[in-house]
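Structure, as structure tokens:
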Amino acid sequence: MRIMFMKVVYSLLSFLLAGMALGSALTGYHILNFQKIEGVKTLTIPWYVLLALAVLLLIQVAQLFSMLKAVKREFMQLDPDQ
């Protein structure tokens, strides 16, 4: 159970970091192309890295739901009413 908890925590941490990188890159793109503000320092990431981050986020979501389902199953086994 403790290992499952640590896997969920690490999954959420990597989801946070990948989401922050993807969000800051998309924000910089929006500022430069749609708001037309000059002189703002933005994070510039190539398109293939953005694609890899998006795929990583989708994999993390699927893995997180899978782990949470396994934790629920383990809790249900400990329930005396079941």
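The values are calculated or read from the model by the stated rules, or taken from the named source; none is laboratory data. Values in this document were obtained by computation on a predicted structure and should not be read as measured data. All Cβ positions, even for glycine, are placed from backbone atoms using ideal geometry, and neighbour counts span all protein chains on display. Remember, those area values only see protein heavy atoms, side chains included, never the ligands or the DNA or RNA. Shrake-Rupley method; radii C 1.70, N 1.55, O 1.52, S 1.80 Å.
Residues in region 28-48 that are hydrophobic (A, V, I, L, M, F, W, C), open to solvent by less than 80 Å² (accessible area, probe 1.4 Å) and closer than 26 Å to Leu58 by Cα: Ile31, Ile45. The listed residues are Gln60, Gln77, and the only one of them that is open to solvent by 80 Å² or more (accessible area, probe 1.4 Å), in a helix (DSSP H, G or I) and among the polar types (S, T, N, Q) turns out to be Gln77. For beta carbons closer than 7 Å, sequence separation of 6+ or different chains, a first residue in region 16-44 that is at pLDDT below 85 and a second that is of a type in the set (Val, Ile, Thr), the qualifying pairs are Val40/Ile31; Thr42/Ile31.
One line per residue, one yes/no per condition, for (1) charged (D, E, K, R); (2) under 13 Å from the mean Cα position of the chain (by Cα); (3) within 25 Å of Arg2 (Cβ to Cβ):
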residue: Ala21; (1), (2), (3): no, yes, no
residue: Ala25; (1), (2), (3): no, no, no
residue: Phe34; (1), (2), (3): no, no, no
residue: Thr44; (1), (2), (3): no, no, no
residue: Val61; (1), (2), (3): no, yes, yes
residue: Gln77; (1), (2), (3): no, no, yes
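When region 13-27 is filtered for residues that are closer than 11 Å to Ala54 by Cβ and either open to solvent by 80 Å² or more (accessible area, probe 1.4 Å) or not in a helix (DSSP H, G or I) (or both), only Leu26 remains.
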